Structures are given as structure tokens and as C-alpha cells.
1. Arranged by the count of other C-beta atoms within 10 angstrom, fewest first, what order do Cys449, Cys190 take?
2. Taking every DSSP beta bridge with both residues inside the range 187-318, roughly what % is antiparallel (nearest 5)?
3. Could you size up the charge dipole of the range 196-310 around its Cα centre, putting +1 on the beta carbon of Lys and Arg and -1 on that of Asp and Glu, and report it in debye to the nearest 20?
4. Per the helix-only calculation at 222 nm, which mean residue ellipticity applies to the chain, given -39500 (n - 2.57) for every DSSP H run of n ≥ 4 and division by its residues, nearest 500 deg cm²/dmol?
5. Say each of Lys33 and Glu50 gets a label point 7 Å from the Cα, pointing the same way as Cα to Cβ; how far apart are those two points in nm?
6. In nm, to one decimal, how far is the Glu444 label point from the Ser206 one, both placed 7 Å along Cα→Cβ?
7. May I ask you to list the GluC sites (Glu not before Pro) in the range 312-400 that are in a DSSP loop and have at most 10 other Cβ atoms within 10 Å of their Cβ?
8. Taking the range 88-176, which trypsin sites (Lys or Arg not before Pro) meet the DSSP loop condition and have no more than 15 other C-beta atoms within 10 Å?
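What follows draws every value from the coordinates through simple rules; no lab data is involved. Just so you know, these numbers come straight off a predicted model, no measurement behind them. So basically every Cβ, Gly included, is an ideal-geometry build from the backbone, and we count neighbours across all protein chains shown.
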Amino acid sequence: MTEQSSNFTRHIQELDNAHHLHPFTTHHALRKKNPRVIVGADGVYIKDSEGVKILDAMSGLWCVNLGYGRDELVEAGRKALDENPYYNTFFQTTTPPAAVLAQKIAEKTPGDLDHIFFASSGSEANDTGIKLIWYYNNLKGRPNKKAIISRKSAYHGSTIMAASLTGLSGMHEKFDCPRPGFHHIEPTPCAYRFAEPGESEEDFASRCAQALEDKILELGADNVAAFIGEPIMGAGGLMVPPTGYWQKIRAICDKYDVILWADEVICGFGRTGSWFGSQTYDFQPDMLTMAKGLSNGYQPISALALNDEIGHTLINADYEMAHGYTYSGHPVAASVAIKTLELYETTGAIGEAGAEHSDYFQARIRELADHPIVGEVRGVGFLGAVELVSDKDSKSRFQPDGSAGYACREHCFSSGLIARAVGDVMIMAPPLVISKSEIDELYEKLRSCLDKTWNDLTGA
Ligand SMILES: Cc1ncc(COP(=O)(O)O)c(C=O)c1O
């Protein structure tokens, strides 16, 4: 750290503390502590204003799937800014990037999810999904079929409606959410936490799915429009569903004519080893939300894919579909996304190279299971979680809840590793292009931070 860099850091922190309201932040605490100033990034590392290199095991916010320093994406964005920096898609116009990207997404999404609506964030795409479901059922002459069922611990975004889909109480209580018409079921499909002692994986999957059927029957199938779920729950604590869960959910949705909506904002684009998490789990959604990895996080762009039944109903309506955003299909964002999709293939990130490295990542993080404060290691593809407990047999947590995760995250941050703490679950979602030696570094840093956390909490 030089005097110049520390003056610069202080200057930025002062500006930030004076004027910047951060998402998901306790502001007075941040202002006391000062934000770390991130000034650059390359590969799987970010760099702070003091010159410290940090291994970003969260791919930013689960989005920089191909890593940083992607010149090809910079060039795609630059070219688009130069040629056609903006035009909207409202007034019977389109742009080549928007049209080409819609076709490329339709090609990659499973089954007949061939009708693509663009927005700028996962939350906006999910808000769009709610509105289009309501619109669809109005067009079908089913004005009462509007309720949407989600799950406790789900995360679907933070606009009013996306926060209502979300099943995290911290996002509800102080914000007058969820709004009427949104329902959250449990148990959350994570066997380590919610299966009964001795319950088989299949029985647990059936019990989770039964909760959906029970809720549909309680509300009346004529009143239930859709069920939404992340193939693997991300921000709620990386909950990996039991085998057979999604097939059972699909069967219930079919039985009651309920739309099955996959939120793939995290699970999309190679995160679970396939283009989409629904392919990894072998089920066919009727609607699918994507964002984040769609542009490698380089541009704010998201999309909602609809199947033929919903898409054709909307297309054949005699009404204007009065919904959309200034930036729907933004040509610069769409150009970067097109190049991103190409890179997933040419780099092998979604393919053999990605699979080899994700197997290695999964194998290495599972070595942490022997650590005295690790209750479970779970994950799929490039998603990994380490749940911290005070007692492995009873699975009880350190008190207060979340203190172990918080301590571990702080140790990671000061040791040059970004891992996220959701309560007492340490989460990782590294770029798909992380090398084996970088995975080793991640493993060693995390193990040493677990040791430090254990020392803090037990004095051992
Ligand atoms: C599954 C899921 N859906 C929706 C969102 C919201 O996306 P955004 O933050 O782009 O609005 C997120 C964000 O992490 C997410 O994980």
C-alpha cells in the first residue's frame, strides 16, 4: 500500500459514506467500517484499491461465470456502442442483437421455451413473469387463477413482486411483503436440515412435493396459477433438492394445470454443469427466468422464456401486451450476451473442461467435511456450500445463529478470499474457468479460515 493508494481509498470511502446507499446493507455499520474499494479484476481475482488480490469464489454475485478480463466481451460491447448504442423494441422495431439473442436463447433452453422477453435484472424478469402469468390466465378466461406458490428460503429478487415470491422473512417484515396472492410452502428441500431422522431421500422428496399439492388443494386449483422454484436454491443457503423432487413437482403441476416456473438466475449458464439447472435435474419447466451469467455479469440483461402454450396465447391475443421496459433487448447488452453464449462453447466452460474442473471443485470442498465445525458439504457443478455447526451429531448451530458464518466470512475477506455467508452456511460459486491450482488455493484458504473460526468460537 502506498500513501497515494491509501489517500485514494480514503477519498472514495468518504464519498461513498456520504452519499451511497448500498443494497442489503446495515448502513451505519458499513459507515463505521468503511467499504473495501474494488478497482479491477482479472481471471478469478478481483483487486482492491490497496493493491490486494482477492480470489473471488462468488463470481461477483454468481454472475461472472467466465471470469474477469474477457476482452472478447469488451470488444462486443464497444462495437455495439459504436454501431447502434440504443434503440428500443416498443414501436414495431427491433435491433439485430435483440433478434439474434432471442433465437440463440430459444435454441439453448430446454423443450419449447421458445418465446423470449428481455429485461435488465432477475427481479424485473420475475416481475414480468408474474404479470404475464396473470395476463395469460385473463386471456384464457380464468380470472381467478392467479395465486403463485413459492418456497420458504427461496430468493427471487427484490422488487415488490419478486420480494413477494422470495421466501426470506428478512425481506418481508419491514417492507410490507409478501403482497396478497403469494404463498410459501415448507419443508424447504434440503435433506440435511429438514429431513426427519431416518427419512429416506425419496420419502423426503415426496413430503416436500406433497406440501405443494396440499397448498394447491387448500387454495383451490382454480385459484392457483403457478409454482416457482430455483432448481437449486441459491441465496437462501444453497439447498440441493433430494433425488426425484423435481419429477414429483412436475407431476403435481400437471395434475392441477399449474405453471411450473424455473428461476434459473443462478442455476443457468453452466453453474450446475448444463446450460440450465432444469436440464441437470431433468425436468421441463413451462417458464424459465435467466439473468447474471447471460452476459457474464458484464451488462445488465435478463430474460424470461415462455413455452408455446403461454407464448402463443400472448401472441394471438387481440390486445396490446402493455408491458415492457426502455431497456428490453438493449442492443449493447444483447451483443455482449451473444458473445458470452459463444464463449461458453468455445472455452468448453459448458462442456468437457467445465465438467472436469467442477468435479475437482466438488471433490476438494468435500474434503472439508472432516473439519470439526463442518456439518455438511453440499453442492453441484460450480455451486458449493459448507454448513457450520457446533455439534456434528445434533447439527446444532453456534449461538447466536449466523455468528459462525459471519466470523468465517470476515476471515475469508481478510485472507484474500470472497465466500458468502448465508447464516451459518458458507457459499461458493466460482467462475467456471477456475483452474485446478486456483481451486487448491480456494480450498486451502477456506480450510484455514474454518480453523480460525473454530478458534474464535471455541477457544480451541
Ligand atoms: C434465483 C434468483 N432470482 C432472482 C434474482 C434477482 O436478480 P437481480 O438481483 O438481478 O434482480 C436473484 C439474484 O441473486 C436470484 O438468485
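1. By the 10 Å Cβ count, ascending: Cys449, Cys190.
2. Counting only bridges with both partners in the range 187-318, antiparallel ones make up about 40 percent.
3. With Lys and Arg at +1 and Asp and Glu at -1, about 480 debye.
4. -13000 deg cm²/dmol
5. 1.4
6. 4.9
7. Here the sparse-neighbourhood loop sites are Glu320.
8. The qualifying sites are Lys140.
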